[in-house]
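The values are calculated or read from the model by the stated rules, or taken from the named source; none is laboratory data. As the structure is a prediction and not an experimental result, all values here were calculated from the model. Using ideal geometry, Cβ is built from the backbone for each residue, glycine included, and neighbour counts are taken over all protein chains shown. What goes into the accessible areas is simple: the full protein's heavy atoms, side chains included, and nothing from ligands, DNA or RNA. Shrake-Rupley method; radii C 1.70, N 1.55, O 1.52, S 1.80 Å.
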There are 2 protein chains.
Amino acid sequence: MQKPSIPKGTRDFSPAEMMRRQYIFDTIRGVFRRYGFAPLETPSMENLSTLLGKYGDEGDKLLFKILNSGDYAAGLSDEQVRQASKISEKGLRYDLTVPFARYVVQHQGELTFPFKRYQMQPVWRADRPQKGRYREFYQCDVDVIGTRSLLCEVELVQIVRDVFAALGIRTVLKMNNRKILYGIAEAIGHADKMMDITVAIDKLDKIGLDNVKAELAGRGLEPEAIERLQPILQLSGDNDAKIAQLRSVLASSETGLKGIGEMETIFGYLKRLEVDQPVELDLSLARGLNYYTGAIFEVKALDYAIGSISGGGRYDDLTGIFGMPNVSGVGISFGADRIYDVMTGLSLFPEEVNHTTEALFVNLGAQEEAKALELLRGVRAAGIAAEIYPEAAKMKKQMEYANRRGIPFVAIVGSEELAAGVATLKDMRSGEQRRVPFVELAAAIRRPETAAE
Amino acid sequence: MQKPSIPKGTRDFSPAEMMRRQYIFDTIRGVFRRYGFAPLETPSMENLSTLLGKYGDEGDKLLFKILNSGDYAAGLSDEQVRQASKISEKGLRYDLTVPFARYVVQHQGELTFPFKRYQMQPVWRADRPQKGRYREFYQCDVDVIGTRSLLCEVELVQIVRDVFAALGIRTVLKMNNRKILYGIAEAIGHADKMMDITVAIDKLDKIGLDNVKAELAGRGLEPEAIERLQPILQLSGDNDAKIAQLRSVLASSETGLKGIGEMETIFGYLKRLEVDQPVELDLSLARGLNYYTGAIFEVKALDYAIGSISGGGRYDDLTGIFGMPNVSGVGISFGADRIYDVMTGLSLFPEEVNHTTEALFVNLGAQEEAKALELLRGVRAAGIAAEIYPEAAKMKKQMEYANRRGIPFVAIVGSEELAAGVATLKDMRSGEQRRVPFVELAAAIRRPETAAE
């Protein structure tokens, strides 16, 4: 018999991995909750009519489609089978944004706006699997919809700060604004070439000013337009300085000035609130440009080379695709897999995430077991994860079990201990053993350093 | 444009529902963790070769199959399309048990046995949707595999007790044993008719002794065999009494006596450990009979009429289907949807589950907002879920928002409050308002009754 396997691009998460993942999810969820965001879950399957056409042609191809249930082929003609709609009407969700938009439109009458929701669920993409790219992965999205207030952008920055401070990851938050990018294109007389210009700006660090100019010329910009772009390619200083320079360059673009005003407001709030999160205005940030309409966010880890670990922005027409126009929202998504990689790479997981059980009671046979079970019950009642080895196996085997599972404490209650009313508590990391009165066992496991000898 | 919808048999979970669901999941997870069970997650999709043939013919039909990605129909002949294996090689998991077995076999070299794991993930079944039956629903499974120790059964009873005690649901745990059922059939000379006999016993309450006897005759039992079954149909008393009566009836069946011994051992542990969970030996319990090999569990709510809310049992050959024989395990599954219905029906959810935000700061314009944001930050730092209304909207609108979202406290910082260094804190449930010094705000929200006036 062949050893069983799982589909390519999917993963099992072992207990060790799950402990770490749950730590990340719990941390993120805790911050979302503290900011008043409410949980939402949508079904794994959506109607294909909900999903198709929302992610571009490429996205449509990457949808996992589900066969209509029943013996679909039996009663259908060859022609019907060939028409995908006859054999598949449902697909697995591709992201959490489209289902969120669908939910808001479907339930608009029941919702209270502004609607603040978070959603942490897996999504599926039929991408070619490769290192770091999976066909099933979690997204952790937080959005507020139904207000244009820039306090929401400020709050998202605070959330980014709190999440990564809690996880111990040093980050820089890069921000840009779609309106500024449009303003730049408009100011040099090429409102139609916003994307070309942004892509070129993005390459500045890599290929240098002269090559960027050459590329812009190749994309159809005349020398005068490139000349007018020059100050923007050479913005310098902190965010305030960049904004001051932009303000003069974009003086002729109403949209551009609006974008600058938005960024000033956001940066002003962050300064007054003393939010200790490095935030950097970065004009090369082009994330989701054909989708976002205002602020754009992207978070990078400072001490670990990996793509962005979080990102998002403001959108003014998320629900328009489902017939509910002019609802503005802003959101950000945390990438659990990359955060996991950063934390593993930098050894940032706390020690308590390395084991599921704090204490193992050794099983030494009927009489000792009775006492161990009683003590075990008390330890668990104190909220400590604990267990007893289910069989009176050889001591060596039981100790090996504790070792392999990374259990930090082993409690031994043998005949001698029974007589003395104590347990021998072994610290598996230091190898030290000490005798602990039964009544102090839970406290000794919880705070070994302060427990009575 | 048509209002968007979701596939039949699937559900959106609103924030109000999610808060309640998370409360149930967190409670169950907390108990699983305290007993030393480790989390595991498997992919939503499994290879069809893993899933097919594991749930019977009916189960095979209820699998959701996923179309192979890419333009599957384009390059295939009609004949190939008709062969399901050419267009679908993956399916959505049907339960958590088969993926668990697959995982154990696939990773047997890395695992430490006994392996204690819990798994809380959705499963999918292409069942005809109806009230209380969904095509996507969560299962919460806890299993220990790799030991025959009956301490595991005892531990599962303790877990049942702790979960439902924490949730406030009064329950009875019904137990049976596959070996006893086999023993009964064997003792009356009809080892082949175990299922018929069990089904008949199950009807005793409903149709009465005489009708049961008639049914057994109809199923091919001769009068003498039915006569020998009579004492079993009339078992009375508590578990000890039932076991004593069974012991004499099943004296000739080695398997039956083994089953009795198992139950005696389990009941003995429960009594010595003073586990305050009503447990009842119920010979009519036939759950998963062609699958379990020892103890069988089923939990019923005492105060709410609904099917079983938890169930499980011991299996001796879960992994045999994947080529790893003779590994015994025992597990139990909690039905989140039914538990949700019981708790809603009996109003058992604690008050704090009814809202996601503890306190809303009213937004009264730039100057007041600045102070409110500062206070908000302090309240959040104290671990309290709080928010500010993102716009300086009319007071009435902001209060309505708090009301509709069920936010219990509204903090008002107007010009008068600014001057006095206090916030007006309104308890939205009682309507009472009081003035709280800025520094005491977090404490006042957390414990309104004890906060300084």
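Which value, in debye to the nearest 20, gives the size of the charge dipole of segment B:223-279 about its Cα centre, when Lys and Arg are +1 and Asp and Glu are -1 at the Cβ? List each step's numbers first, then the result.
On the way: 6 positive and 9 negative charges, 15 e Å.
It works out to roughly 60 debye.
Name the long-range amide H neighbours of B:S310: under 5 Å, sequence gap of 5 or more, or other chain; modelled H, no Pro or chain starts.
The list, which skips near neighbours in sequence, is B:V299, B:G335.
Normalised by the number of residues in chain B, what is the relative contact order in percent for Cα pairs under 8 Å and 6+ residues apart?
Values: 718 pairs, mean separation 64.7, N = 453.
Once divided by the residue count of chain B, the mean separation gives 14 percent.
What residues qualify as long-range amide H neighbours of B:Y55, i.e. H under 5 Å apart, gap of 5 or more or another chain, H built at 1.01 Å from N?
B:D60
So what are the ³J(HN,Hα) numbers for segment A:292-303, from phi and the Karplus equation (6.51, -1.76, 1.60; θ = phi - 60°), rounded to whole Hz, Gly and Pro as x?
7, 10, x, 4, 10, 10, 8, 10, 10, 6, 7, 10
Between the chain alone and the structure with every protein chain in place, find the residues of segment A:34-52 that drop at least 40 Å² of accessible area; heavy atoms, 1.4 Å probe.
Those residues are A:R34, A:G36, A:P39, A:E41, A:P43, A:S44, A:M45, A:N47.
Could you list the square roots of 5 times each eigenvalue of the Cα gyration tensor of chain B, that is, the equivalent ellipsoid semi-axes, sorted largest first and rounded to whole Å?
52, 31, 21
Put the label 7 Å from Cα along Cα→Cβ for A:S252; what are its distances to the other copies, in nanometres, shortest first?
In nanometres, ordered from closest: 10.6.
Buried accessible area for the A:B pair, summed, 1.4 Å probe, in Å² rounded to 100? Before the final figure, lay out each step's value.
Numbers: alone 22680 and 22710 Å², together 36860 Å².
That pair hides around 8500 Å² of surface in total.
If you average over every viewing direction, what projected area does the convex hull of the Cα atoms of the protein assembly as shown give, in nm²? Each step should come with its number before you reach the end.
Values: hull surface 180.4 nm².
Taking the Cα atoms of the protein assembly as shown, their convex hull projects to 45.1 nm² on average.
B:G378 label points, 7 Å along Cα→Cβ, one per copy: pairwise distances from this copy to the rest in nm, shortest first?
4.3
Check B:G414: other-chain or 5+ apart residues with amide H under 5 Å from its amide H, H built from backbone geometry?
Those qualifying (amide H under 5 Å, at least 5 residues apart or on another chain) are B:T424.
Once Rh for segment A:91-223 is found with the Kirkwood sum over Cα pairs, what is the Stokes-Einstein diffusion coefficient at 25 °C and 0.890 mPa s, in µm²/s?
Details: Rh = 18.9 Å.
In µm²/s, the coefficient is 130.
Per Stokes-Einstein, at 37 °C and 0.692 mPa s, what whole-number D in µm² s⁻¹ belongs to segment A:317-453, with the Kirkwood radius over Cα pairs as the hydrodynamic radius?
The estimated diffusion coefficient comes to 186 µm²/s.
Rg(Cα) of segment B:161-225 divided by 2.2 N^0.38 Å?
On the way: Rg = 16.1 Å, N = 65, 2.2 N^0.38 = 10.7 Å.
Scaled against compact globular proteins, the figure is 1.50.
In terms of the ratio Rg/(2.2 N^0.38 Å) built on C-alpha atoms, what value belongs to segment A:93-162? Intermediate values should be presented prior to the final figure.
Details: Rg = 14.8 Å, N = 70, 2.2 N^0.38 = 11.1 Å.
Compared with the compact-globule rule of thumb, segment A:93-162 sits at 1.34.
Given axes a ≥ b ≥ c from the Cα gyration tensor, I'd like to know whether segment B:194-234 is rounded (a/c under 1.5), prolate (a/b larger than b/c) or oblate. It would help to have the intermediate numbers written out before the result.
Working: a/c = 1.42, a/b = 1.24, b/c = 1.15.
Note, shape of segment B:194-234 comes out rounded.
For B:R338, B:R33, give me the order by solvent-accessible area with a 1.4 Å probe, most accessible first, ignoring ligands, DNA and RNA. Intermediate results must be reported in sequence, preceding the final value.
On the way: B:R338 100, B:R33 65 Å².
Correct descending sequence by accessible area is B:R338, B:R33.
Which of the aspartates and glutamates could a cross-linker bridge to A:K203, judged by Cα under 12 Å and excluding same-chain residues fewer than eight apart?
Output for A:K203: A:E215.
Probe 1.4 Å, all protein chains in place: accessible area of B:E298 in Å², nearest 10?
Taking all protein chains as shown, B:E298 has close to 30 Å².
Hey, if you put +1 on the Cβ of every Lys and Arg and -1 on every Asp and Glu Cβ in segment B:105-241, which of B:A217, B:G132, B:V163 ends up farthest toward the positive end of that dipole?
Sorting the options by dipole projection puts first B:G132.
In what sequence, largest accessible area first, do A:D238, B:D210 appear using a 1.4 Å probe?
Details: A:D238 95, B:D210 115 Å².
Ranked list, largest accessible area first: B:D210, A:D238.
Please compute, for the alpha-carbon atoms of segment A:216-309, the extent along each of the three principal axes and give them in descending order in Å.
Computed over the Cα atoms, the extents are 42, 31, 27 Å.
Tell me, what is the Rg over Rh of segment A:241-384, with Rh the Kirkwood radius over Cα pairs?
Details: Rg = 25.9 Å, Rh = 20.4 Å.
Reported Rg/Rh (Cα atoms, Kirkwood Rh): 1.27.
Treating only the Cβ of Lys, Arg, Asp and Glu as charged (+1, +1, -1, -1), what charge dipole size does segment B:104-147 show about its Cα centre? Round to the nearest 20 debye. Please report the intermediate quantities before stating the final value.
Numbers: 7 positive and 5 negative charges, 68 e Å.
With Lys and Arg at +1 and Asp and Glu at -1, about 320 debye.
Just give the residues from segment A:86-109 buried by at least 30 square angstrom of accessible area in the all-chains context relative to the isolated chain, probe 1.4 Å, and say none if nothing qualifies.
Buried-area filter returns A:I87, A:K90, A:L92, A:R102, A:Y103, A:Q106.
Using the heavy atoms of the protein chains alone and a 1.4 angstrom probe, what is the accessible area of the protein assembly as shown per residue in square angstrom? Could you put the intermediate results ahead of the total?
Working: 36860 Å² over 906 residues.
Ligands and nucleic acids excluded, the figure is 41 Å² per residue.
Once you put a point 7 Å from the Cα of A:K394 and another 7 Å from the Cα of B:A241, both along the Cβ direction, what distance in nm separates them?
Spacing of the two 7 Å Cα→Cβ label points: 4.9 nm.
Determine how large the accessible area of B:K426 is when every protein chain is in place; take a 1.4 Å probe and give Å² rounded to the nearest 10.
50 Å²
Give the lysines reachable from B:K90 as a straight Cα distance under 27 Å; neighbours fewer than 8 places away on the same chain don't count.
A:K3, A:K8, A:K54, A:K61, A:K65, A:K86, A:K90, A:K131, B:K8, B:K54, B:K61, B:K65
I need the semi-axes of the equivalent ellipsoid of segment B:208-265: take the C-alpha gyration tensor, multiply each eigenvalue by 5, square-root it, list largest first in whole angstrom.
Values: eigenvalues 113, 38, 14 Å².
Those come to 24, 14, 8 Å.
Taking the Cα centre of chain B as origin and charging only Cβ (+1 Lys, Arg; -1 Asp, Glu), how large is the dipole, in debye to the nearest 20? Walk me through the intermediate numbers first.
On the way: 58 positive and 62 negative charges, 130 e Å.
Computed charge dipole of chain B: roughly 620 debye.
At what distance in nm do the modelled label points of B:K271 and B:R377 sit from each other, each positioned 7 Å from its Cα along Cα→Cβ?
Placing both labels 7 Å along Cα→Cβ, they lie 6.4 nm apart.
Show me, for segment B:269-284, the HN-Hα J-couplings you get by feeding each phi into the Karplus relation (A = 6.51, B = -1.76, C = 1.60, θ = phi - 60°), rounded to Hz, glycine and proline as x.
4, 4, 5, 4, 7, 6, 6, 8, 10, x, 10, 10, 6, 10, 5, 7
Compare each residue of segment B:372-389 in its chain alone against the assembly with all protein chains, and report those whose accessible area goes down by 10 Å² or more; 1.4 Å probe, heavy atoms.
B:L373, B:R377, B:R380, B:G383, B:A385, B:A386, B:E387, B:I388, B:Y389
Carbon-plus-sulfur fraction of the accessible area of chain B, 1.4 Å probe, in percent?
Answer for chain B is 48 percent, counting heavy atoms of protein chains only.
Rank these residues by their accessible area, most exposed first, probe 1.4 Å: B:L62, B:L250. Present the calculation step by step, with values, prior to reporting the outcome.
Numbers: B:L62 20, B:L250 0 Å².
Reading off the accessible areas and sorting them downward yields B:L62, B:L250.
Taking the full set of protein chains and a 1.4 angstrom probe, give the accessible area of A:I266 in square angstrom, rounded to the nearest 10.
0 Å²
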